[in-house]
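Just below is one structure, and these are the notes that go with it.
The values are calculated or read from the model by the stated rules, or taken from the named source; none is laboratory data. Treat the numbers as computed from the prediction; the structure is a model and nothing was measured. A quick note on method: Cβ atoms are made from the backbone with ideal geometry, for glycine too, and the neighbour counts reach across all protein chains shown.
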Amino acid sequence: MEKILIKKIALLSGGDSEERDISIKSGLAVYQALKNLNYEVSLIDPINTDLCALVNYDAAFICLHGKNGEDGKIQSLLELLKVPFTGSASTASMLAMNKFYSKLVWNDHALITPKFLILNKTNLDYKNIITHLRDPFIVKPSSSGSSFGINLVKNKDDLILAFTDASKYDPTVIAEEFIEGREFTVSILGNKSLGVLEITPKNEFYDYNAKYVSNETIFSKPADLNPEVLEKMENIALSAFTSIGCSGWGRVDFMMDKKFNLYLIEVNTVPGMTDHSLFPLAARNAGLNFEETVQQIVDLIE
């Protein structure tokens with residue numbers, strides 16, 4: 001495929017999702033990197049911009065997180081406008097954002113993900129749920145990011161509260177098997193892994209506070225795991241990423257139980273690029289500074 005000549009970039013950040021503040025932080029960091037790389041770049045917030053004007057740019061760099069940013073909608077518009085953009089195409093973005101759809105794809109590809117049920121107001125039967133998923137279990141919105149609406153359920157009262165909370169973010173709510181163990185993430189750039197990072201939050205969950213506010217969450221290379229396990233994790237991450245049709249860049253999250261079994265949790269097609277974000281850290285561990293990372297993401301635009 002002939003390489004696209006890119007000089008003028010529309011950097012999309014902000015938006016109208018719950019992750020707006022994080023999107024703005026990511027956008028500002030990438031904006032400065034693109035300026036330093038001598039691109040002509042405009043910082044554009046979709047909520048106050050006529051997006052048809054994007055046809056005046058060579059490409060778009062998407063730093064929109066969550067609804068209308070990672071769910072395929074902005075990607076669909078850019079495809080209609082014939083404006084090249086960073087990251088995955090619209091269909092892959094939609095599948096990755098929707099945890100229910102992701103799980104269906106992974107199950108079809110024999111990739112292991114925690115067992116789950118779809119919840120609605122008529123089937124909030126705690127005893128029935130734990131016969132399928134055990135006790136405790138996770139309740140989460142099917143499409144959400146930054147751990148919004150995710151709760152650990154330990155009793156009937158928790159279930160009602162968790163369902164109500166998750167429903168704020170998406171009409172489709174999932175009850176998911178709780179995997180007790182260690183959390184890992186694999187960042188992907190192009191068709192290669194940037195390595196495995198372990199996430200050790202101070203509290204029970206790697207929640208919004210642990211992701212973007214707290215300095216107590218530990219991100220580390222898992223020194224106690226042998227190279228074969230790490231390679232297996234990277235290969236599964238790449239399979240999970242490509243099975244959904246993702247491309248460009250992204251991040252795949254795992255849980256590992258006490259028996260070293262790996263479970264796919266989700267794919268993030270527009271990872272955060274803040275000073276608390278995992279993708280820039282993984283890139284740095286792989287020998288890339290922030291500007292080099294941004295340049296490689298741009299180079300992957302098709």
Among the residues listed as Ser42, Ser93, Ser76, Ser88, the single one being hydroxyl-bearing (Ser, Thr, Tyr), under 19 Å from Glu291 (Cα atoms) and modelled with pLDDT of 95 or more | Ser42
Qualifying residue in region 256-268 (condition: in contact with a Cys (Cβ under 9 Å, 6 or more places away or on another chain) and either modelled with pLDDT of 95 or more or under 16 Å from Ile62 (Cα atoms) (or both)) = yes
Hey, among the residues in region 129-140 that are in contact with a strand residue (DSSP E or B) (Cβ under 9 Å, 6 or more places away or on another chain) and assigned to a helix (DSSP H, G or I), which one's farthest from Asp165 (Cα to Cα)?
-> His132
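Would a scan of region 225-232 turn up a residue that is crowded, with 19+ Cβ neighbours inside 10 Å and either assigned by TED's automatic domain parsing to the domain that holds Asn68 or among the charged types (D, E, K, R) (or both)?
no
Determine, yes or no, whether Ser147 is under 26 Å from Leu230 (Cα atoms), small (Gly, Ala, Ser) and either surrounded by fewer than 17 Cβ atoms within 10 Å (Cβ to Cβ) or outside the structural domain of Glu19 (by TED's automatic domain parsing) (or both).
Numbers: under 26 Å from Leu230 (Cα atoms): yes; small (Gly, Ala, Ser): yes; either surrounded by fewer than 17 Cβ atoms within 10 Å (Cβ to Cβ) or outside the structural domain of Glu19 (by TED's automatic domain parsing) (or both): yes.
Yes, satisfied.
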Under 26 Å from Leu262 (Cα atoms) and of a type in the set (Lys, Arg) - does that describe any residue in region 113-136?
-> yes
Hits in region 2-19 - residues which are surrounded by 15 or more Cβ atoms within 10 Å (Cβ to Cβ), part of a loop (DSSP other than H, G, I, E, B) and hydrophobic (A, V, I, L, M, F, W, C) | Ile6
Selection from region 248-287 of residues within 25 Å of Glu228 (Cα to Cα), in contact (Cβ under 8 Å) with a residue 40 or more places away in the chain and assigned to a loop (DSSP other than H, G, I, E, B) yields Lys258, Asn261, Ala286
Buried (at least 21 other Cβ atoms within 10 Å of the Cβ), within 19 Å of Glu302 (Cα to Cα) and in contact with a helix residue (DSSP H, G or I) (Cβ under 8 Å, 6 or more places away or on another chain) - does that describe any residue in region 22-29?
-> no
Lys103 is checked against (1) closer than 28 Å to Arg20 by Cα; (2) of a type in the set (Lys, Arg); (3) surrounded by fewer than 16 Cβ atoms within 10 Å (Cβ to Cβ) and fails just one. What number does that condition carry?
-> (3)
In region 199-218, what residues are modelled with pLDDT of 80 or more and either among the aromatic types (Phe, Trp, Tyr) or within 16 Å of the chain's Cα centre (by Cα) (or both)?
-> Ile199
